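One structure is given here, and the rest of the page talks about it.
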Ligand code: ADP
């Protein structure tokens, strides 16, 4: 069974093609296009590349196209992206302005282009369905909560990948199997003692921290929208709700402009006044650029803040995992996050840390109580696995 996973940005289309057979899964091809102006043409090109490269005989061979969809009103988990689901995604366009509109638009283009092929989305909120209720509530009136004002949590595919892979690497096959079955049985599968407690730090273009107990998330630093939690590349992160009305009343800032500033001119870009790319910030901070250093310091401070929250919630941790573009590659950011935590059992081996980029590794000393690990994420694989399961269940 071949499943294409498409990652849709407002002007980009990235893809990976997976093949599943009994007891086997592999990636057959990957690719992508930037600065896309005509989505239909990009889809044509993607399919043509897969056929030309021999990964597909024809597009009819695709069992489905999977999408890492973000959020939809009243819908969670892994679902067929029909007109009703797309409308429910559109209902949350204002909450996820950088994410939902490109997905809705892109999925419609896929539907026009390949009307016979099932289009299936795994929502980024899916991993948090079993977190404690208190972790999902803001202290707002009930009517707001009913309208969707709650902490959803995102990056579910990535943190789920880390939950499963870290359990495997830590010798906990039972917990890894529970993660694999999570969307079937809601984490009810029994696991052995002691509890496996993991904090996963996805630091990339968007960043978030999640706590994971025995394979099940206890919360995520992202709240109601993908603009919350840690500072992101150019999105704001957590902000006191009263900041916005204050600025609007005292400076005449309009709502549309405020939204644009929070989605495109804030985060690491806003803090540094320089760049949304961590590589620029690291090199400029080293040459004395104050804004770049402040941006790095805030990212580190916020990451530590959330690691601390889950450390307490989980009654300590067995492993802290770094993943995504920054977490997998930025040696200095990892070192700064783990600084002076030895009394909590969290330590880095500086020499090992310095050599690890984009590869699985333990970067803590061999005898440290907490394993600090780097695990390259594979969100597309998580999506493809759930899409496969969806198709098999739909057949029954
Ligand atoms: P996205 O969330 O858009 O998928 P990534 O996970 O690739 O993005 O993270 C993007 C961030 O990671 C950027 O700040 C970028 O500088 C950083 N990054 C990505 N790859 C590398 C690398 N090889 N070395 C250093 N930093 C990297």
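The values are calculated or read from the model by the stated rules, or taken from the named source; none is laboratory data. What you are looking at is a predicted structure, and each value in this text was computed from that prediction instead of being measured. All Cβ positions, even for glycine, are placed from backbone atoms using ideal geometry, and neighbour counts span all protein chains on display.
The set of residues in the range 162-181 being without any contact (Cβ under 8 Å) to a residue 40 or more places away in the chain, within 21 Å of the chain's Cα centre (by Cα) and either surrounded by 23 or more Cβ atoms within 10 Å (Cβ to Cβ) or assigned to a loop (DSSP other than H, G, I, E, B) (or both) consists of 178, 179, 181. From the list 266, 283, 272, 287, the one residue that fits, being loosely packed, with under 15 Cβ neighbours inside 10 Å, within 16 Å of the ligand (Cβ to nearest atom) and modelled with pLDDT of 95 or more, is 283.
Within the range 318-334, none of the residues are more than 15 Å from the ligand (Cβ to nearest atom) and without any contact (Cβ under 8 Å) to a residue 60 or more places away in the chain. Residues in the range 257-287 that are farther than 18 Å from residue 336 by Cβ and more than 26 Å from the chain's Cα centre (by Cα): 257 alone. Pairs meeting the criteria (first residue in the range 263-276 and under 14 Å from residue 290 (Cβ atoms), second residue in a loop (DSSP other than H, G, I, E, B) and more than 14 Å from the ligand (Cβ to nearest atom), beta carbons under 7 Å, at least 6 apart or on different chains) are 274/289. Across the range 335-358, the qualifying residues are those that are without any contact (Cβ under 8 Å) to a residue 24 or more places away in the chain and within 16 Å of the ligand (Cβ to nearest atom), and the one among them that is surrounded by the most Cβ atoms within 10 Å (Cβ to Cβ) is 353.
A count restricted to the range 308-326 and to residues that are buried (at least 22 other Cβ atoms within 10 Å of the Cβ), touching a helix residue (DSSP H, G or I) at 6+ places or on another chain (Cβ under 7 Å) and within 21 Å of residue 368 (Cα to Cα) stands at 6. Would you pick out the residues in the range 202-214 that are away from the ligand (no atom under 12 Å from the Cβ) and either without any contact (Cβ under 8 Å) to a residue 12 or more places away in the chain or within 11 Å of the chain's Cα centre (by Cα) (or both)? Residues satisfying the conditions are 209, 210. The condition of being in contact with a helix residue (DSSP H, G or I) (Cβ under 8 Å, 6 or more places away or on another chain) and part of a helix (DSSP H, G or I) does not hold for residue 230. Of the residues making up the range 47-92, those that are assigned to a helix (DSSP H, G or I), touching a residue at least 12 places away in the same chain (Cβ under 8 Å) and within 30 Å of residue 185 (Cα to Cα) are 85, 86, 88, 89, 90. On the stretch given as the range 290-303, residues that are in contact with a helix residue (DSSP H, G or I) (Cβ under 6 Å, 6 or more places away or on another chain) and more than 15 Å from the ligand (Cβ to nearest atom) total 3.
Kindly check whether there is at least one residue in the range 50-57 that is under 25 Å from residue 226 (Cβ atoms) and at pLDDT 95 or above.
no
Each row is one residue, and each column tells you yes or no for (1) exposed (fewer than 13 other Cβ atoms within 10 Å of the Cβ); (2) farther than 21 Å from residue 99 by Cα.
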{"residue": "3", "(1), (2)": "no, yes"}
{"residue": "10", "(1), (2)": "no, no"}
{"residue": "17", "(1), (2)": "no, yes"}
{"residue": "51", "(1), (2)": "no, yes"}
{"residue": "57", "(1), (2)": "yes, yes"}
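If you go through the range 96-133 and keep only what is touching a residue at least 40 places away in the same chain (Cβ under 8 Å), within 14 Å of residue 83 (Cα to Cα) and not in a helix (DSSP H, G or I), you end up with 118, 119, 120, 121. Here the range 226-253 is the region considered, the condition is being under 25 Å from residue 130 (Cα atoms) and within 16 Å of the ligand (Cβ to nearest atom), and the residue that is surrounded by the fewest Cβ atoms within 10 Å (Cβ to Cβ) is 228.
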